[in-house]
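A.B. asks: Shown below is the structure under consideration.
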């Protein structure tokens, strides 16, 4: 029985009971959020507010803060936690589930699309295992900022509406204050949602889940002769393309378990993530990943591995090993096509040529050998002119081996001669592809430390910068700078 009092209708009218709750009761457990004492607003995304036709005044109200902390249940909501399973670090982990997340229901956005509204950190659920069901302020701010940063980079992702905090402490490595992230996405169904029913030998429930996904998210496949095969093919395609998009901006998820993989090809479950700074293809952003399974260079292959795990779970539905293999075989093609497309865009190239990837990979090699910054140097490359000029030094100053870079720049300019684009058009296009601003760990850490002292101004400021990652924003140049010495060894683990 849900006992929390309800928020007045003037705020919660945008919410309705979620589509997921139409599934049989075995797919979830209805559970009320656990209230937090004296919650307060830590951060709010005005872009996300606008998506639901809400305004900042509403967001600062007691009703909003109480409702999106879990202290009061929004009208129309029947909060639930879903069950799923998964492979964690390549090992079957069995039943998992929403250990600290509660699905409140659906909301209609400005495009008339349904979005699931979910609270992360709202207390214990039947799937919390040994956890406390809470999220800490540190990790909540990181998820909030990165969700919105990824959206601004035009990478498929769950979004974050707000973060609320409380002075109540929970224990991680050290005692930390609690927080709740309100996040949303069209669906939070995972690869592990399918795996759960497959490994529990519940074929009727596996089919029920697949039919729900087809009906709600891929209705165009429902009338086809092989709808489940088409569903797998589409998930494979979306996943492969997402991996290419991650690689292109240097994003590392950190914990690509099958229970953290979206069937819609979204980036979900932000934990020990990181953006590439000093380029190292072997970089591991998750301190808990002692074997480097989820290192930057491993992500495309892990995305493929996860698709194989999903395909295994869907095989009883598809009914044909051959059709399953055909769907999986398209992963590498989709990834490579998207990766080459994005690589050319990062170099400002329009017409494909056979040696383009060689030129691109050579630049990555130079970044690696010179311990150069990934994002900054692609951004500086965007300012390069078609002929040698003093602007070359903006890039050359970032490299130790300048003769090697000069040789590459010469090859690059020769390649530009094959293009039909004007110099200014190319530079404009490259700047719209290579972000100037990314969520560097030290920037997040500064915002977190201020927030821990009840100063939330840096959370708001950093969000405003990250919402326009491709703009010059000269007044915010300091947010594009590499990590200072004190921050170069910052570590993030699964507890984050």
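A.B. asks: Taking only DSSP H segments of four or more residues, each worth -39500 (n - 2.57), what value at 222 nm results for the chain once the sum is divided by all its residues, to the nearest 500 deg cm²/dmol?
C.D. replies: Details: 17 runs with 202 residues, N = 496.
Result for the chain, helices only: -12500 deg cm²/dmol.
A.B. asks: Quick check on the exposure proxy: order 378, 52 from fewest to most C-beta atoms within 10 angstrom. Let's see the in-between values first.
C.D. replies: Numbers: 378 25, 52 17.
Least to most surrounded, the residues fall as 52, 378.
A.B. asks: Right, here's the next one. Let me know the shape class of segment 442-487, please: from the alpha-carbon gyration tensor, a ≥ b ≥ c as square roots of the eigenvalues, rounded when a/c is under 1.5, otherwise prolate if a/b is greater than b/c, or oblate. Walk me through the numbers on the way to the answer.
C.D. replies: On the way: a/c = 2.69, a/b = 1.31, b/c = 2.05.
Oblate is the answer for segment 442-487, as a/c is 1.5 or above yet b/c matches or exceeds a/b.
A.B. asks: Using Cα-Cα distances under 8 Å and only pairs 6 or more residues apart, what relative contact order does the chain have, in percent?
C.D. replies: Details: 934 pairs, mean separation 70.9, N = 496.
Dividing the mean separation by the residue count of the chain yields 14 percent.
A.B. asks: Now for a separate question. State whether segment 9-188 is rounded, prolate or oblate according to the following rule on the C-alpha gyration tensor (a ≥ b ≥ c being the square roots of its eigenvalues): a/c under 1.5 gives rounded; otherwise a/b larger than b/c gives prolate, and the remaining case gives oblate.
C.D. replies: On the way: a/c = 1.34, a/b = 1.16, b/c = 1.16.
Taking the square roots of the gyration eigenvalues as a ≥ b ≥ c, segment 9-188 is rounded.
A.B. asks: Using per-residue counts of other Cβ atoms within 10 Å, averaged over each peptide, order 300-311, 125-136, 199-210 from highest down.
C.D. replies: Working: 300-311: 20.4, 125-136: 18.0, 199-210: 16.1.
Order by mean packing, descending: 300-311, 125-136, 199-210.
A.B. asks: At 0.36 nm per residue, minus the direct Cα-Cα distance, what do residue 29 and residue 357 gain on full extension? Give it in nm, one decimal, please. Intermediate values should be presented prior to the final figure.
C.D. replies: Numbers: separation 328, 0.36 × 328 = 118.08 nm, distance 4.93 nm.
Taking residue 29 through residue 357 to full extension adds about 113.1 nm, to one decimal.
A.B. asks: Treating the angle as unsigned and between 0 and 90°, give the value, to the nearest 10°, between the Cα long axis of helix 299-318 and the longest Cα principal axis of the chain.
C.D. replies: That helix lies at roughly 40 degrees to the long axis.
A.B. asks: Please compute the Kirkwood hydrodynamic radius of segment 349-431 from all pairs of different C-alpha atoms, in Å with one decimal. List each step's numbers first, then the result.
C.D. replies: Values: mean 1/r = 0.0764 Å⁻¹.
Result for segment 349-431, one decimal place: 13.1 Å.
A.B. asks: Could you tell me how many degrees, from 0 to 90 and to the nearest 10, lie between the Cα long axis of helix 441-451 and the main elongation axis, the longest principal axis, of the Cα atoms of the chain?
C.D. replies: Long axis of 441-451 versus the principal axis of the chain: about 40 degrees.
A.B. asks: What's the exposure ranking of 430, 150, going from fewest to most Cβ atoms within 10 Å? Please list the in-between numbers first.
C.D. replies: Details: 430 21, 150 27.
The most exposed by this proxy come first: 430, 150.
A.B. asks: Here's a follow-up. What is the Cα radius of gyration of segment 192-345 over 2.2 N^0.38 Å, N being its residue count?
C.D. replies: Values: Rg = 16.1 Å, N = 154, 2.2 N^0.38 = 14.9 Å.
Ratio of Rg to 2.2 N^0.38 Å for segment 192-345: 1.08.
A.B. asks: Another question about this same structure. With a cut-off of 8 Å between alpha carbons and a minimum separation of six or more residues, what is the relative contact order of segment 9-188 in percent?
C.D. replies: Details: 403 pairs, mean separation 45.4, N = 180.
Relative contact order comes out at 25 percent.
A.B. asks: If each residue's Cβ is checked for other Cβ atoms within 10 Å, how do 396, 293, 100, 142 rank with the fewest at the top? Don't skip to the answer; put the middle values down first.
C.D. replies: Numbers: 396 14, 293 17, 100 21, 142 26.
Exposure proxy ranking, most exposed first: 396, 293, 100, 142.
A.B. asks: Kindly identify segment 138-200 as rounded, prolate or oblate by the Cα gyration tensor criterion: order the square roots of the eigenvalues as a ≥ b ≥ c, call it rounded if a/c is under 1.5, otherwise compare a/b with b/c, prolate if a/b is larger, else oblate. Let's see the in-between values first.
C.D. replies: Working: a/c = 2.64, a/b = 1.29, b/c = 2.05.
Oblate shape, in that a/c is at least 1.5 and b/c is the bigger or equal ratio.
A.B. asks: Considering Cα pairs under 8 angstrom that are at least six residues apart, work out the relative contact order of segment 192-345 and quote it in whole percent. Before the final figure, lay out each step's value.
C.D. replies: Values: 189 pairs, mean separation 48.4, N = 154.
Rounded, it is 31 percent for segment 192-345.
A.B. asks: Where the centre of each part is set by its Cα atoms, how far does segment 36-60 sit from segment 144-179, in angstrom?
C.D. replies: Segment 36-60 and segment 144-179 have Cα centres separated by 13 Å.
A.B. asks: Rounding to the nearest 10 and keeping the result within 0 to 90°, find how far the Cα-based axis of helix 137-152 lies from the longest principal axis of the chain.
C.D. replies: Computed tilt is about 60 degrees.
Readers should treat all values here as calculations from the given coordinates under stated rules, not as data from a laboratory. Please read these numbers as outputs of a predicted model, since none were measured by experiment. All Cβ positions, even for glycine, are placed from backbone atoms using ideal geometry, and neighbour counts span all protein chains on display.
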